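A short reminder: the numbers here are calculations on the coordinates, not readings from a lab. Everything quoted here is computed from the prediction, not taken from an experiment. Positions of Cβ are generated from backbone atoms using ideal geometry, with glycine treated the same way; all protein chains shown enter the neighbour counts.
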Amino acid sequence: MVNSKQIMNKCSFFLTIALFLSISASSGQDISVRAMLDTARAMIGDQMRLHIRLEKPDETSVIFPALQDTLTKKIEIISKSSIDTSRSDTGRTILSQDLLITVFDTGLFKIPPLSFALQTEQLRDTIRTTPVYFEIVSLPVDTTIRDIRANLKTPINAAEIFPFALGFIGLVMIALALMYWIRNRRRKRTIVPEEIPAEPANVIALRELAQLREDKPWAHKQVKHYYIRLTEILRRYIERRYRIMALEQTTDEILESLKTSANGAYLKRLAGILTLADLVKFAKVIPDTEENASQLEEAVAFVNSTSQPKHESEKEGSFDPEPVPSNVEL
């Protein structure tokens, strides 16, 4: 004899199945989805647009399929639009998306059903589109045999030649102007205008060095400023003494210009001062206090060693290898 409890359990089970089937049926009736191509026939490599439209009640959540680069092995997805939302005349929600696809083969192709996940408060379900078929045809082949035509020759007129001639003339003028500028620049850098200074070059340089020693910028953490002043004094002295544009030349250019005028030992001393000054100014090297003071002594020694005697003051660029004492006390 069947227990009453077993009968009730069986009734509950059948009621649940019936409720589930009724909800599924109502869900299938309330939600519709379709996929449609804008054309059913296209040429190989042409782009076609697949329109996806899903209509649902507001309380139902839908998840679109996660499509990547292809629909099938031969159907490629070029781009996907965002999912647009609109309202139907009956007040339901319409979700739509467009896929731009292409095929690089010929024949009859099938877009498989696309699955959409549905979820309501009562159940989760899946709805699919119907398959979509289309045909891809190849380009028509022209089998007509034609003779090979020679290239057409058209006469060259003045309007075609004029832009090239004008450009060539412009380039020639620019090249001549550049050559003239370089030649004048070299002349200005190597020739110092004749002038008779009020004082000898060594007297001016030693006086400025004495003032620099008195100021001692390196003792006030002005090392870069100190080396700028020191090299400027030496460059001005070299300009007055050897008649070269030392203020506009680099260290290497100054040393090259003095090779034929200055003794090798004195030139080495000058090279040490200018090289260290370049490191301080451009490489941010900071020498110690003793090194800074010794560079001033080296500069004084260079000026004393290369100062011009009075009986040679009229000889441009002359050099006395013996030190000449200065009348300025340091």
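Using only the Cα atoms of segment 77-211, what are the Rg and Dmax in Å?
Rg, Dmax (Cα atoms, Å): 41.7, 109.
How long are the semi-axes of the equivalent ellipsoid of segment 193-312, defined as square roots of 5 times the Cα gyration tensor eigenvalues? Whole Å, largest first. Before the final figure, lay out each step's value.
Numbers: eigenvalues 111, 53, 32 Å².
With the √(5λ) rule applied to segment 193-312, the semi-axes are 24, 16, 13 Å.
Given 37 °C and 0.692 mPa s, compute D for segment 29-137 with the Stokes-Einstein relation, Rh being the Kirkwood radius over Cα pairs; round to the nearest whole µm²/s. All intermediate terms of the calculation are to be shown ahead of the outcome.
Values: Rh = 14.8 Å.
Rounded, D is 221 µm²/s.
Arranged by the count of other C-beta atoms within 10 angstrom, fewest first, what order do ARG41, ARG149, ARG229 take?
By the 10 Å Cβ count, ascending, the order reads ARG149, ARG41, ARG229.
Taking the beta-carbon count within 10 Å as an exposure proxy, list ILE238, ILE31, ILE94 from fewest neighbours to most.
Starting with the residue having the fewest Cβ neighbours, the order is ILE94, ILE31, ILE238.
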